[in-house]
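Coordinate-derived values only; no laboratory data. Predicted model only: the values in this text are computed from it and were never measured. So basically every Cβ, Gly included, is an ideal-geometry build from the backbone, and we count neighbours across all protein chains shown.
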Amino acid sequence: MADNATTPLIETRGLVKKFGSFTALNGVDLTVYPGEVHALLGDNGAGKSTLIKILSGVFKPTDGEIIVEGRPVSFASPRDATNAGIGTVYQDLALNALTSVTRNFFLGREITHFSSPFGLLKMGEMDRIATEEMAKIGINVADPNQPVGTMSGGQRQTLAIARAIYFGAKVLILDEPTSALGQKQQMEVLKTIRKVQKLGDIAIILITHNEIHARLIADRFTFLSLGEVIGRGTSKELEGDDIKRLMAGGAEIGDLAKELAD
Ligand SMILES: Nc1ncnc2c1ncn2[C@@H]1O[C@H](COP(=O)(O)OP(=O)(O)O)[C@@H](O)[C@H]1O
Ligand SMILES: [Mg+2]
């Protein structure tokens, strides 16, 4: 994990997002260092998805700055964010279950023998790259020609992550990567995240509702509630019930028990 002397890979300063008169983000500062798993936590409606949509070029902020490796950036489209090294793996993964692992890996970015898009595909080379890139983060695909539909949910996450990294992601944003999976596959995804962490300088922004997963894997935490940061810190700084309390929007368990009783 990086120390504070390192230049952040990505930062937001005073990020504001309004939808009409509604303020979804109200001055959010987020600082993500290379090589860390940064958990972005908060209750439904906290603004997590809005924040990552701004970072991935889907929404434009109403106000505030995004800074990538020390330079202010402005994203007019998701492609701009991808080109700046921000890879977002959405919950639906954007995979096609009927086509092969390799085809999904390259989707629209195939390697051809000629520079023309009608050139012959270099299938052998593409198979090799897809297999190698997935192996780097822990999944051994027996047959890169197998349809993605035959892979487990955990393997599909790994495919989407390996693809983002291969195509240049320095920051990987994972939106609830374990929420739709069974116990065993959740562990597979956490292992994949750990492998990416060990690659060294890629940062992961992990959105999760699972406190245990966040505790297991995150180096640093930012807690959002109703569009504002209500807490932040490293795994060392946050202890005991801090994480649980902040995930609940800052309420004490005692307050919640009282609310239930009322
Ligand atoms: N496109 C939109 N138009 C209007 N309101 C929105 C839009 N997207 C999100 N919101 C509102 O912004 C708030 C934050 O939403 P969201 O970022 O999805 O939170 P989270 O992902 O933390 O659950 C919610 O109150 C939501 O209703
Ligand atoms: Mg959300």
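Observations
- Segment 1-99: C-alpha gyration tensor shape, a/c 1.5 cut-off, then a/b vs b/c: rounded
- Applying the Karplus relation 6.51 cos²θ - 1.76 cosθ + 1.60 with θ = phi - 60° to segment 8-14 yields 3J(HN,Hα) values of x, 6, 9, 9, 10, 10, x Hz, where x marks Gly and Pro.
- The chain, relative contact order [Cα under 8 Å, separation at least 6], %: 26
- A cut-off of 5 Å between modelled amide H atoms, ignoring neighbours fewer than 5 places along the same chain, links Ser56 with no other residue.
- Taking the number of Cβ atoms within 10 Å of each Cβ as an exposure proxy, the fewest-first ranking of Phe167, Phe221 is Phe167, Phe221.
- Within a Gaussian network of the chain (alpha carbon springs, distance under 10 Å), most fluctuating of Thr31, Thr178, Thr234: Thr234
- For Ile230, residues with placed amide H under 5 Å, excluding near neighbours: Phe223, Leu224, Ser225
- Count Lys and Arg as plus one, Asp and Glu as minus one, and take only other residues whose Cβ is under 9 Å from that of Val101; the net charge is then -1.
- Distance (nanometres) between label positions extended 7 Å along Cα→Cβ at Thr23 and Lys198: 4.5
- √(5λ) per eigenvalue of the Cα gyration tensor, the chain, largest first, Å: 34, 22, 17
- Each residue in Ile161, Ile212, Ile66 was given a count of other beta-carbon atoms within 10 angstrom of its own, and listing them fewest first yields Ile212, Ile66, Ile161.
- Relative contact order [Cα under 8 Å, 6+ residues apart], segment 171-218, whole percent: 53
- With θ taken as phi - 60° and the Karplus curve 6.51 cos²θ - 1.76 cosθ + 1.60 applied, the whole-hertz 3J(HN,Hα) list for segment 180-196 is 9, 10, x, 3, 5, 6, 4, 5, 4, 5, 4, 5, 4, 4, 4, 5, 5 Hz, x standing for glycine and proline.
- Peptide packing: for 243-251, 39-47, the average count of neighbouring Cβ atoms within 10 Å per residue gives the ranking 39-47, 243-251, highest mean first.
- Extreme residue, positive dipole direction of segment 116-262, given options Asn210, Gly154, Gly227 (C-beta unit charges): Gly154
- Residue among Val37, Leu55, Ile129 farthest towards the positive dipole end of the chain, charges placed on Cβ: Ile129
- For Val16, nonlocal amide neighbours, meaning residues 5 or more places apart or on other chains whose placed amide H falls under 5 Å from its own, are Gly27, Val28, Thr62, Asp63, Gly64.
- Antiparallel bridges, percent of DSSP beta bridges restricted to the chain (to nearest 5): 60
- Cα shape, segment 57-195, gyration tensor, a/c 1.5 rule: oblate
- Pairs exceeding 22 Å between alpha-carbon atoms, taken from Lys18/Lys53; Lys122/Lys191; Lys60/Lys195; Lys195/Lys244; Lys136/Lys244: Lys122/Lys191; Lys60/Lys195; Lys195/Lys244; Lys136/Lys244.
- For a straight C-alpha distance cut-off of 14 angstrom, the aspartates and glutamates reachable from Lys170 (same-chain residues fewer than eight places away being disregarded) are Glu11, Glu36, Glu69, Asp80, Asp201.
- Taking a sphere under 12 Å around the Cβ of Lys191 and counting the other residues whose Cβ falls inside, with K and R at +1 and D and E at -1, yields a net charge of +3.
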